[in-house]
Amino acid sequence: MKIADILDAKGRTVHTILPWATVADAVARLERLGVGALVVCDADQRMVGILSERDLIRELAHRGTDLLERRVDEVMTRKVATSRLDEPIASAMARMTRDRYRHLPVIDGGRLVGMVSIGDLVKARLRDMELETGVLRDMFIAAH
């Protein structure tokens, strides 16, 4: 199973925010959308970073509540790991686990086409494992 399969099932909506928006705006957007990260895109829709709940907690510890008045581009992660549509789920899971990030923007032809979370990957892998278990069980029953 590939990343494209997950996006085909869940959709390709990517929630974004502009780099000059305030952190308070970003927090409100995260809460309203019920997501854990926003891709930061410039006015030309080019990805320039990502803002995750982890970024916010880290910066809150350093800056206190003044953080809310800061711009998103002051606190976002600039070096963003990405995935391709044809990347196998197991490969993406391994990278996300090793490097300890929970959100992976998906790029195709230089364009942002989706986002997957570690939860999306785990759910897909569990579905695969349940299917494999069912097939093996049916094969065993048929053989006996």
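Checking 57, 6, 50 one by one, the residue that is in a strand (DSSP E or B) and within 18 Å of the chain's Cα centre (by Cα) is 50 and no other.
Residues in the stretch 76-99 that are in contact with a Lys or Arg (Cβ under 8 Å, 6 or more places away or on another chain) and free of Cβ contacts under 8 Å to residues at least 60 places away in the same chain: 81, 90, 93, 96. Take the conditions farther than 30 Å from residue 127 by Cα, touching a residue at least 40 places away in the same chain (Cβ under 8 Å) and either surrounded by fewer than 16 Cβ atoms within 10 Å (Cβ to Cβ) or of a type in the set (S, T, N, Q) (or both) and apply them to residue 24. Does it pass? In short, yes. What number of residues within the stretch 70-107 satisfy the criterion of being in contact with a helix residue (DSSP H, G or I) (Cβ under 9 Å, 6 or more places away or on another chain), modelled with pLDDT of 95 or more and among the charged types (D, E, K, R)? The number of residues fulfilling the criteria is 6. For the stretch 65-83, the condition of being among the polar types (S, T, N, Q) and over 15 Å from residue 50 (Cα atoms) holds for at least one residue. Scanning the stretch 60-86 for residues that are under 20 Å from residue 6 (Cα atoms) and more than 14 Å from the chain's Cα centre (by Cα) yields one hit, 86. If I filter the stretch 27-55 down to residues being closer than 15 Å to residue 117 by Cβ and of a type in the set (Gly, Ala, Ser), which single residue comes out as surrounded by the fewest Cβ atoms within 10 Å (Cβ to Cβ)? Only one residue tops the list, namely 34.
Across the stretch 110-124, the number of residues qualifying as part of a helix (DSSP H, G or I), hydrophobic (A, V, I, L, M, F, W, C) and out of contact with any His (no Cβ under 9 Å at 6 or more places or on another chain) comes to 3. Number of residues in the stretch 50-69 that are on the phi > 0 side of the Ramachandran plot and either among the basic types (Lys, Arg) or modelled with pLDDT of 95 or more (or both) equals 0.
The values are calculated or read from the model by the stated rules, or taken from the named source; none is laboratory data. Just so it is clear, the structure is predicted and the values come from calculations on it, not from any experiment. Every residue, glycine among them, receives a Cβ derived from its backbone with ideal geometry; neighbour counts consider all protein chains shown.
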